[in-house]
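Worksheet for the structure shown next.
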Amino acid sequence: MNLTEHLHEHPQLPDHEHRGGRRREAVQAWLKIAILLGLGVYFAALVVSGNLQNYINPEFAWLSMIACVLFLALGLVNVYSLLKAYVHEHKHEEHDDHDSHDGHDYHESHNHSHITLPVLAVVAIPLVLGVLLPSRPLGTGAIDVNLGAGGSAGGGSAGAALPGAGSGAGQGAYAANQREWHIWDWQQSFQASKTPDACFTGQRADVTGFVHHQPELPPGHFILARFVMRHCAADAFGVGMLVAYDKAETLAPDTWVRVQGALRVSDVAGEPALVLHPATLDANVGEPISPYIYPRFNPYALP
Amino acid sequence: MSSLEQIDKRADGTPHSRVRPRIRVAERAEEYPAEKYEGEGDWDAQANGGQLGQIFFRSMLILLAVTLLLMLFVLLNTRVRFDTLINAFSVRFLSLFIEAAPFLLLGTLVSGLIEAFVRREHITRWVPRNPVGGVLMGTVMGFAFPVCECGVVPVVRQLYTKSLPLSVGVAFLLAAPVMNPIVLLSTLTAFGFGPVLAGRFAITAVVAVGVGLFFALGARRFNLQGLPSVVDASAGSLTSGVQAPQPPAPVPARIRQALVTAGDEAFEMGRYLIVGCLLASALQTLVSQDVLLSLGQGPVTSVLTMQVLAFVLSVCSTVDAFIALAFAGTFTTGSILAFLTFGPMVDVKSTIMFLGVFSKRTVALLILLPLLLTMIIAIWLNLSGIG
């Protein structure tokens, strides 16, 4: 009598039907372990390589570390259980003495998982996609650029009129801050401003983004775009700034460029838009370490 | 006549179907002492629920395949390049999964620990007999026993065999998937301190208490029934009843078993999360913002859309906040709250499991009452401009 037959006779264990043979169960068990350990290694690789930033806000990286530890722990425990079952079965087959065992050990070692192959295949999808596809941030293919304050996610709630606008007082200090402004800062301020022409014309901007072309744009223009991310790429929305550049068509989509120049307010498709006229354009900056913009406000916070 | 024969026949003596034995809920524990049950009926209920679960899961896979074909159609009929479409889709999908995976694992870990260590007596000792007090207790019990909508059904099933009143079990059933620390953490992570976090818990509490009180006052009048088809005749560990009674194991062994259980649950629940992430990512990639906005901005249509989405996607409550976050920019706050409150209470997955525990009339009310209550509250929030 082998182990399986004996277990079906055991009075303390329920009688149930094996799905497929023992070989299929073993394959499924090892596949389950491989997926758990694989996901643990994948999460670890994301954290170590820094590619995690392509998917989630770095502030939540600690959650991914927890997931890494748990995936690995679950995988290793399953390895232990499986090996213990093999050892127990081997001992049982050698000695053929079913009175010497401990009924509790039988239950612990004889673990029938009900995870079928289709379930394993589905759970393996993120691992397969993550490994096979190169890790990249959202780009021009995902963009739905709003030339205003950004998406429909309430991006204007943190906008404010430019301080000292038109007065010159504190202009020096403000100009230093402006150089650190990214695309979204400029767009939020532009949307909030009641006198955009006076406030923005002539202002110096130094912004970085990726190239995005839209057929509706006038010739010699492209959109310098970035994605704003709160938590993960799924909630990210695109923001952009129009750039007037006579060689715009030579720039490939998704090329990261740094543009320094002067701002003007122009009429685009019947609406005022902020347009950057570059003094310098560097198309060799490459993708920044943090490809996304992370807002410093919570649009869902109570007032 | 043996106990099983008694159970297997209706009151008038006609036999029940062996596929789904129907047993009137015990008013007192003495009426159906635990040792009379040998678990034979529970395998029928398990088989029935398992078959329906497989049908549901295959339906989800078919829906996913249709979505992928739609992507292919879009690819062939637009100027979008294949690599950009796949990149947009995969980045969104992986981001959803990466964000949600920790909470899924934490939920399954807690579920495994409950199964290994918690005894029924720990729970039933503290449940008030007063209907209002019992319903209120049932509403907040999830903070002590954090289980998602899948784990709560077998827990409630076990509690019914220990004389837990139907109304208290219903309140716990509806509230526990949301009113627990893991969902609190995931919702806080996704939405921060704000109206969504507060609204989710407040609406869930209101609906759970309301439905619980309805059952407390109207169970007899409407002949509402539950059926404790599974009893664990062991020393009292809170299990799904599929394991035969065993002597208590040493703590390290129980921890190991809890982790093995957690691993299995991660796959069982993870498949629904992954299919939900795939569908949400596909929707975001394929459907233009204009279409989403047209659906998502109406005070009524947005709520109905999100309730249907919540019911169909059947994502675990520990991670659905991240799915909802993907739509936060285009849908009203009321509809987001409807997704986050109605989904954990009722979805395709839980409906299948309810059918293995309650009568059809009871299941119908368990679906309709939360649906109507969350709909009314969400529409009111949208119309009043709150949130």
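Every number here is computed from the coordinates shown, using simple stated rules; none is lab data. For clarity, every value in this text was computed on a predicted model and none was experimentally measured. Cβ atoms come from the backbone with ideal geometry, glycine included; neighbour counts cover every protein chain shown.
Side notes on the structure shown:
- Counted charge near residue B:339, where neighbours are those whose Cβ lies closer than 10 Å (Asp, Glu -1; Lys, Arg +1): 0
- Label-to-label distance, nm, for residues given as residue B:130 and residue A:116 (7 Å Cα→Cβ offset): 4.9 nm
- For peptide A:51-61, the mean count of partner chain Cβ atoms within 10 Å of a residue's Cβ comes to 3.
- Taking other C-beta atoms within 10 Å as the exposure proxy, A:194, A:32 rank A:194, A:32 from fewest upward.
- Ranking of A:136, B:157, B:129, A:24 by neighbouring Cβ atoms within 10 Å, starting from the fewest: B:129, A:24, A:136, B:157.
- Packing-based ranking, highest mean first, of A:44-51, B:375-382, B:171-178, B:87-94 given that Cβ atoms within 10 Å are counted: B:171-178, B:87-94, B:375-382, A:44-51
- The Cα center of region A:201-231 and the Cα center of region B:301-323 differ in position by 34 Å.
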